[in-house]
Amino acid sequence: MSVPGQLFIISAPSGAGKTTILKQVMADLPGLAFSVSHTTRTPRAGEVNGRDYHFVDRPSFERLRTAGDFLEWAEVHTNFYGTSRSAVAEQLTAGLDVILDIDVQGASQVRSIRELAAVSLFILPPSLTELEKRLSGRGTDSAEVIRLRLENALREIAASGSYDHRIINDQLEEAVEMVKAVILAARSHCGRGRNGDPLPEFPDSLGARV
């Protein structure tokens, strides 16, 4: 019989490297599902509708929100983002561990639903100076947009103390291993890995850093 999955919330300020970390974690660990959010923002180069996001216009988003179709929703950088309630429920019921890539507003909404028992992680940049360097290095945002993202980052970091785990993405490989450690620890609490697989071992030394 399939074991209901565990819900994981992962948040980070723009430029902290969350997307890169998640791609590697999901490649390394079986039994993980990524919840594809709805958004009103314009697709970036290389993004695919239905894979990276469900791209919708504002009227469509507002209709879904009014109908109660979102588990959580928030306005970030002047755009709306929302998580499909039914899609997450289907994945969890199928025994998959679901990762919600959401901001601090949405995370607060999901954590308030105690029945979900979500485990929350916040990815931090090594410093604001490094964060600004990463944002500028993208070459996709104007100076004004970067300034806005840095201002939002300060507010998001201030809220990170409410998360179960905070991980500094200074060295990518180490950050990936720490995120995997949190997921494996949550699985071990249930007595076994998902899909009946034995739990992979991970370094005990990571526990103190997570």
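Derivation of every value follows stated rules applied to the coordinates shown; laboratory data play no part. Computed from a prediction, not measured in an experiment: that's the story for all the values here. When we count neighbours, we look across all protein chains shown, and the Cβ atoms used for this are built from the backbone with ideal geometry, even at glycine.
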Next on the checklist: How would 100, 128, 64 line up from fewest to most surrounding beta-carbon atoms within 10 angstrom?
Outcome noted: 128, 64, 100
Checklist outcome for this item: With residue 52 itself left out, Lys, Arg at +1 and Asp, Glu at -1 over residues whose Cβ is under 12 Å from its Cβ give +2
Checklist entry - With Cβ to Cβ distances under 13 Å as the rule, what net charge do the other residues near residue 113 carry (K, R +1; D, E -1)? => result +1
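For the residues 147, 114, what sequence is obtained by ranking on other C-beta atoms within 10 Å, fewest first? Don't jump to the answer; show the numbers that get you there.
Details: 147 13, 114 7.
Lowest to highest Cβ neighbour count: 114, 147.
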Checklist entry - What number, rounded to the nearest 500 deg cm²/dmol, is the helix-based mean residue ellipticity at 222 nm of the chain, given -39500 (n - 2.57) per DSSP H run of at least four residues and division by all its residues? => result -12000 deg cm²/dmol
Checklist outcome for this item: When the chain is treated as a Gaussian network with springs between alpha carbons less than 10 Å apart, the largest mean-square fluctuation among 148, 135, 32 is found at 148
Item to check | Radius 14 Å from Cβ of residue 157, net charge of other residues (Lys, Arg +1; Asp, Glu -1) | outcome: -1
Next on the checklist: For q values of 0.32 Å⁻¹, compute log₁₀ I(q)/I(0) with the Debye formula on a Cα-only model of the stretch 1-46, without solvent.
Outcome noted: -1.33
Checklist entry - Residue by residue through the stretch 26-42, which ³J(HN,Hα) values in whole Hz follow from phi under the Karplus form 6.51 cos²θ - 1.76 cosθ + 1.60 (θ = phi - 60°), with glycine and proline marked x? => result 6, 6, 8, 10, x, x, 9, 10, 9, 7, 7, 7, 8, 8, 9, 6, 6
Checklist entry - If amide H atoms are built 1.01 Å from N in the plane of the peptide, which residues on other chains or at least 5 residues away come under 5 Å of the amide H of residue 53? => result 48
Checklist entry - How long, wide and thick is the chain, going by the Cα atoms along their three principal axes, in whole angstroms, largest first? => result 49, 41, 31
Checklist entry - Among 96, 37, 175, whose Cα lies farthest out toward the positive end of the dipole of the chain, if unit charges sit on the beta carbon of Lys, Arg (+1) and Asp, Glu (-1)? => result 37
Next on the checklist: Suppose R0 equals 41 Å. What FRET efficiency, 1/(1 + (r/R0)^6) with r the Cβ-Cβ distance, do residue 185 and residue 66 give to the nearest 0.05?
Outcome noted: 0.60
